[in-house]
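The values are calculated or read from the model by the stated rules, or taken from the named source; none is laboratory data. On a predicted model such as this, the values are computed, not experimentally measured, just so you know. Note that we place each Cβ from the backbone using ideal geometry, even for glycine, and neighbour counts take in every protein chain shown. Side chains are part of the model used for accessible areas, which takes the heavy atoms of the whole protein and leaves out ligands, DNA and RNA. Shrake-Rupley method; radii C 1.70, N 1.55, O 1.52, S 1.80 Å.
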Amino acid sequence: MNIPAFLKKNSFVLGLLLIFVLAEIGLMFWNPMETSRRFAKDDFTKTLYHHDWSRTGAVFYGNSAVTGAYMEDKSSVKLVEMGMSLGKLTDLKEILQRELYNVQGELVIGIDVHTMLDKMDTDYRFPWHKPWYKPYVYAYRADFLDTGTEFVRNLALKGSLDYQPRWIDKELYYGRESSDQLVKDWARYNEKYNWMTLADMKDNVEALQWVINYSKQRNLPLRVVWMPFIQGHEKPPYTEAMKQEVNSRLQASDVPVLDLMDRYEPRLFHDLVHLNREEGAPVFTKEVDAWLLSLRKPQKS
């Protein structure tokens, strides 16, 4: 094969390929999905942002139920609130396995009625969801379209390169939803999730066991909190089977468990699964703090 002739004949295509590869490498190093405020962030990245990009500490992990319930600024235990909207235990496994965060001191996991569902919706922006072979721009094409549209609009209409920084805070829950809205929430859960069984939690059950083993190997204290569900309301049909499966694994490994699932009355909730910030979150934070501190006290012989 005449390599010089091949290169000359295909120089245009090879040039485009080189530009593409260099652009991909540049985007991966820049990583605007994490570093640029032109782009919306997933809740894992928001956690890093609000902790000065530190990737080390004691953690309270879970989904949005943890975000809404645990008031890190009011806590005497001072765990890093790593509640992530649509977060599951499979996501926690990815974080630990990829060494995206070094949990030290204590790992507390909040599990609610949705944390274990394999088919639960997810956030495509979680960094572990991008396969290595998928081009950066393609993986986050919706975000590039959003910020690109804003860039062109501002430049064309205002002659400006200014932009509106994307929202960087996590969603919190204030006040109480109406009875009608709670009915709609339950209908949505019925359609999307309530038909599931333990068979639809296989990946998350395996992830739980992986995290248990990971914690043992590192002598990392692991604690689990069953997150509150609004008192007096019907729960998803899979709830008891899920709790039995999870609790049996936790008990076998002597993992302390605090069950708050049925503890709190409706006035403390914003909706079916999220405590409100005014009343519910302070009560939850205080109770979890007291429990965690009690586990640190030396046991009397």
Within region 178-191, the count of residues that are in a helix (DSSP H, G or I) and open to solvent by less than 80 Å² (accessible area, probe 1.4 Å) comes to 7
Within region 130-150, residues open to solvent by 60 Å² or more (accessible area, probe 1.4 Å), touching a residue at least 24 places away in the same chain (Cβ under 8 Å) and more than 15 Å from Leu27 (Cα to Cα) come out as Asp146
Check: Looking at Tyr163, is it part of a helix (DSSP H, G or I), more than 15 Å from the chain's Cα centre (by Cα) and either closer than 30 Å to Val224 by Cα or not charged (D, E, K, R) (or both)?
Finding: no
Residue count, region 152-172, condition farther than 30 Å from Ala69 by Cα, without any contact (Cβ under 8 Å) to a residue 40 or more places away in the chain and surrounded by fewer than 15 Cβ atoms within 10 Å (Cβ to Cβ), comes to 10
Inside region 248-286, the number of residues satisfying the requirement of being within 21 Å of Lys74 (Cα to Cα), part of a helix (DSSP H, G or I), open to solvent by less than 20 Å² (accessible area, probe 1.4 Å) and without any contact (Cβ under 8 Å) to a residue 60 or more places away in the chain is 1
Of all strands (runs of 3 or more DSSP E) fully inside region 34-115, the set with 3 or more residues that are over 10 Å from the mean Cα position of the chain (by Cα) and under 28 Å from Arg263 (Cα atoms) is 56-62, 102-111
